[in-house]
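**Q** Here's a structure for you.
The values are calculated or read from the model by the stated rules, or taken from the named source; none is laboratory data. Keep in mind it's a predicted model, so treat the numbers as computed, not measured. Cβ coordinates were reconstructed from backbone atoms using ideal geometry, including for glycine residues, and neighbour counts include every protein chain displayed.
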Amino acid sequence: MKVIIPVAGEGTRLRPHTYTMPKALLPVGGKPMLAHVLDQITALSFSEVVFIIGALGDQIKEYIEKNYNFKASFVEQKKYLGLGYAVYLGVIDTTEDVLVVLGDTITELDWQGLVGSDRNLLAIKEVDDARAFGVAEVEGDRIIRLVEKPEKPPSNLAVIGVYYIKDTAQFYECLDKIVKQGITTHGEIQLTDAFDLFLKEGGSLYTFPTTGWHDCGNVETILATNRHLLSKNQEAVKREGSIIVPPSLVDPSAQVERSIIGPYVSLGPETVVRNSIISDSIIFAGAHIDSAVVAGSLIGRDVIVRGNT
C-alpha cells in the first residue's frame with residue numbers, strides 16, 4: 001500500500017501565517033497538524049508515503065526527513081487545479097492499494113480496520129449542512145452516487161478526506177479521464193467527480209465510519225481542534241510564579257514568568273511569556289509575549305506582542 005498525502009494547499013484562510021509556513025505545519029495541540037496525521041498512520045503497513053507539495057514544500061520535506069524514517073517521496077504540484085489533480089500526481093504506481101489522507105484534517109477512526117478491508121472505502125461523517133462538502137448518496141453502507149458541494153445535498157453524509165482504494169488501476173483510469181478531459185466542478189478537478197465516474201463505470205465504493213473529525217481550515221476551526229486535542233490531556237503543568245490553567249500544553253523550552261496561561265493554550269518551543277494572560281490560543285515557536293492579554297488567537301512564529309490586548 002502507498003499513502004498519498006496532499007499538502008500543497010496555500011491555506012489562504014490562515015494568512016498571514018501561511019505566507020511563510022505551509023498550512024500542514026501550523027501547530028495545533030502541541031505539534032504540527034501534519035504530525036497528528038502521520039502519527040496515526042505510521043503503525044500501518046505501507047511501502048511509501050507520497051507527499052504532494054506546493055510553493056513552501058521544502059519545509060515539508062525538511063520536517064519529514066528530520067522527524068520520520070519511513071520511505072517518502074515528494075511531488076511538486078505546480079498548478080493548483082484541485083484535489084483530484086493533486087491525487088492524480090500522487091498515483092505513481094497502480095499495482096498497490098492506495099490510502100489518501102488530507103494533511104490538514106485530523107480524523108479519528110479505526111485505521112487498521114480501514115486498510116484491512118477488501119473494499120474501496122471512503123470515510124464519511126454526518127454533518128448539519130453538507131453543501132460545503134463532497135456528499136455521498138448511499139444504500140445501506142454502499143455508495144451509489146457522489147456529488148461535490150451540491151446546493152441540494154442528497155444526504156447529510158460528508159466525505160471528509162480519507163480514501164482507501166484497492167482497485168487502483170481502475171480508479172486511476174477514471175482520474176486520468178477527468179484530468180485529461182478537463183472535467184471540473186466549481187472550477188476545480190474534483191476527487192469526488194473521479195469517484196463518481198468510478199461508480200458509473202462499474203466500480204464499488206462503501207462508507208467507513210469516523211469517531212472524530214477535526215478541520216483545521218481557518219482560525220476558528222484550528223482553535224476548536226486545539227481545544228479538543230488539549231482536553232484529551234489533563235496532565236497538570238506547573239511553572240513557579242505563574243498559573244497554568246488546564247488543559248494547556250507548555251513546551252519544556254518555553255519561558256513563563258508572572259503570567260496566567262490557559263485554559264486551552266498551546267505554548268510552542270522557545271516561546272517567552274512575561275506578565276501576561278493568555279487563554280484559548282496557540283502560540284507558535286519563538287514568539288515573545290510581554291505585558292499583554294491574548295485570547296482566541298494564533299500568535300505566529302517569532303512574533304513579538306508587547307503591551308496589547
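**Q** Any residue in the range 236-249 that is more than 28 Å from Gly103 (Cβ to Cβ), basic (Lys, Arg) and touching a strand residue (DSSP E or B) at 6+ places or on another chain (Cβ under 6 Å)?
**A** So far as the range 236-249 goes, yes, one or more of its residues are more than 28 Å from Gly103 (Cβ to Cβ), basic (Lys, Arg) and touching a strand residue (DSSP E or B) at 6+ places or on another chain (Cβ under 6 Å).
**Q** Output yes when any residue across the range 153-173 is in contact with a Gly (Cβ under 8 Å, 6 or more places away or on another chain), within 20 Å of Val98 (Cβ to Cβ) and small (Gly, Ala, Ser), and no when none is.
**A** The answer is no; no qualifying residue exists.
**Q** Exactly one condition in (1) crowded, with 16+ Cβ neighbours inside 10 Å; (2) in contact with a strand residue (DSSP E or B) (Cβ under 6 Å, 6 or more places away or on another chain); (3) modelled with pLDDT of 90 or more is false for Glu48; which is it?
**A** Of (1) crowded, with 16+ Cβ neighbours inside 10 Å; (2) in contact with a strand residue (DSSP E or B) (Cβ under 6 Å, 6 or more places away or on another chain); (3) modelled with pLDDT of 90 or more, only one is false for Glu48: (1).
**Q** Also: What number of residues within the range 98-113 satisfy the criterion of being more than 19 Å from Thr225 (Cβ to Cβ) and buried (at least 19 other Cβ atoms within 10 Å of the Cβ)?
**A** Going residue by residue through the range 98-113, those that are more than 19 Å from Thr225 (Cβ to Cβ) are 98-100, 110, 112-113.
The next check asks that each one be buried (at least 19 other Cβ atoms within 10 Å of the Cβ); those that pass are 98-100.
Residues that pass the stated criteria total 3.
**Q** Still on this structure, I have one more. Looking only at the range 184-203, decide whether some residue is among the β-branched types (Val, Ile, Thr), surrounded by fewer than 18 Cβ atoms within 10 Å (Cβ to Cβ) and in a loop (DSSP other than H, G, I, E, B).
**A** yes
**Q** Given the conditions (1) under 20 Å from Val101 (Cβ atoms); (2) touching a residue at least 24 places away in the same chain (Cβ under 8 Å), and given that Thr221 satisfies all but one, which numbered condition is not satisfied?
**A** Result: Thr221 fails condition (2) only.
**Q** Mind checking which residues of the range 134-169 are closer than 17 Å to Ile4 by Cα and either surrounded by fewer than 17 Cβ atoms within 10 Å (Cβ to Cβ) or polar (S, T, N, Q) (or both)?
**A** Thr168, Ala169
**Q** While we're here: Only one of (1) without any contact (Cβ under 8 Å) to a residue 40 or more places away in the chain; (2) not in a loop (DSSP other than H, G, I, E, B) is not met by Ala86, so which one is it?
**A** (1)
**Q** Which count do you get for residues in the range 41-81 that are over 22 Å from Trp111 (Cβ atoms) and either touching a helix residue (DSSP H, G or I) at 6+ places or on another chain (Cβ under 9 Å) or among the acidic types (Asp, Glu) (or both)?
**A** The number of residues fulfilling the criteria is 14.
**Q** Mind telling me which of the residues Tyr163, Tyr172 ends up being assigned by TED's automatic domain parsing to the domain that holds Glu201 and assigned to a strand (DSSP E or B)? Lay out the reasoning, then the answer.
**A** Values: Tyr172 fails: assigned to a strand (DSSP E or B).
Tyr163 is the lone residue from the list that is assigned by TED's automatic domain parsing to the domain that holds Glu201 and assigned to a strand (DSSP E or B).
**Q** Same structure again: Can you tell me which of (1) at pLDDT 95 or above; (2) under 21 Å from Ala224 (Cβ atoms) is the one Pro246 doesn't meet?
**A** (1)
**Q** Go through the range 207-236 and give me each residue that's in a helix (DSSP H, G or I) and either among the basic types (Lys, Arg) or on the phi > 0 side of the Ramachandran plot (or both).
**A** Correct list: Arg227 only.
**Q** Would you check if Leu199 is of a type in the set (A, V, I, L, M, F, W, C), touching a residue at least 24 places away in the same chain (Cβ under 8 Å), out of contact with any helix residue (DSSP H, G or I) (no Cβ under 7 Å at 6 or more places or on another chain) and under 24 Å from Glu148 (Cα atoms)?
**A** So Leu199 passes the test.
**Q** Could you tell me which numbered condition Thr95 fails, if it satisfies all but one of (1) among the β-branched types (Val, Ile, Thr); (2) more than 28 Å from Lys31 (Cα to Cα); (3) part of a helix (DSSP H, G or I)?
**A** Only one criterion in (1) among the β-branched types (Val, Ile, Thr); (2) more than 28 Å from Lys31 (Cα to Cα); (3) part of a helix (DSSP H, G or I) is unmet by Thr95, namely (3).
**Q** While we're looking at this one, here's another question. Restricting to the range 55-83, name every residue that is more than 21 Å from Thr184 (Cα to Cα) and either in a loop (DSSP other than H, G, I, E, B) or not assigned by TED's automatic domain parsing to the domain that holds Gly187 (or both).
**A** Ala55, Leu56, Tyr68, Asn69, Phe70, Lys71
**Q** Could you grab me the full set of residues in the range 16-37 that are among the hydroxyl-bearing types (Ser, Thr, Tyr) and in contact (Cβ under 8 Å) with a residue 40 or more places away in the chain?
**A** Thr20
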